[in-house]
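Written below as structure tokens is the structure these notes are about.
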Amino acid sequence: MFGTLVVGYDESEPAVRALDRAAQLAEKFGSRLVVVSVAPVLMPGPRGGGGIDPADPPARHREELAHAQDVLTARGLEADYVTAVGEPAEALVDVASERAADLLVVGTREPGLLDRLMRGSVSRAVSRHAPCDVLIVH
């Protein structure tokens with residue numbers, strides 16, 4: 001039913017819930033898991049400082065994926081671990097497309113008004129643009 005599950009992961013409480021739900025589905029359906037941590041690209045400031053090099057993701061994202069791997073390994077699950085670079089919703093949709101995902105799993109939180117105005121909702125953007133079904137874990 002679900003051959004490939006892509007899950008967005010950043011160690012936030014909503015992402016932890018999403019990883020757990022994706023693991024449950026993978027256990028039940030024998031699905032392949034792809035865990036994605038997204039490193040947002042930062043625009044260089046006036047004093048230099050560049051963006052993110054996709055070939056060398058920040059240590060934080062490698063650590064996030066290592067923690068996700070520990071959780072999944074403890075459950076007897078294997079997964080592919082991907083550090084994507086860019087706007088989070090767009091990057092998750094791109095990985096789901098590239099991996100021909102059957103389901104994209106994301107967590108959601110209740111952003112404040114300012115957060116919604118400035119960044120929007122990743123889960124909402126994913127649900128609008130994903131090439132597959134989307135599970136939003138509350």
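Compared with the direct C-alpha span, the chain from Met1 to Val41 gains 10.9 nm at full extension, assuming 0.36 nm per residue.
Amide H contacts of Val41 (H built 1.01 Å from N, in plane; Pro and chain starts excluded): Gly86, Glu87 sit under 5 Å, all sequence-distant by 5 or more or on other chains. For Val16, neighbours were defined as the other residues whose beta-carbon sits under 13 Å from its Cβ, and their charges (Lys and Arg +1, Asp and Glu -1) total -3. Taken one residue at a time, the phi angles of region 23-40 give Karplus couplings (6.51, -1.76, 1.60, θ = phi - 60°) of 5, 4, 5, 5, 4, 6, 9, x, 6, 7, 9, 10, 9, 10, 10, 9, 9, x Hz. Gly and Pro are set to x. Under 5 Å from the amide H of Val105 lie the amide H atoms of Val6, Val7, Gly8, Leu135, each residue being 5 or more positions distant or on a separate chain, with H modelled from the backbone and absent for Pro and chain starts. For Arg32, nonlocal amide neighbours, meaning residues 5 or more places apart or on other chains whose placed amide H falls under 5 Å from its own, are Thr4, Leu5.
Computed from the coordinates by the stated procedures, all read-outs in this text should not be read as laboratory data. Just so we're clear, the structure is a prediction, and the values are computed from it rather than from any experiment. Every residue, glycine among them, receives a Cβ derived from its backbone with ideal geometry; neighbour counts consider all protein chains shown.
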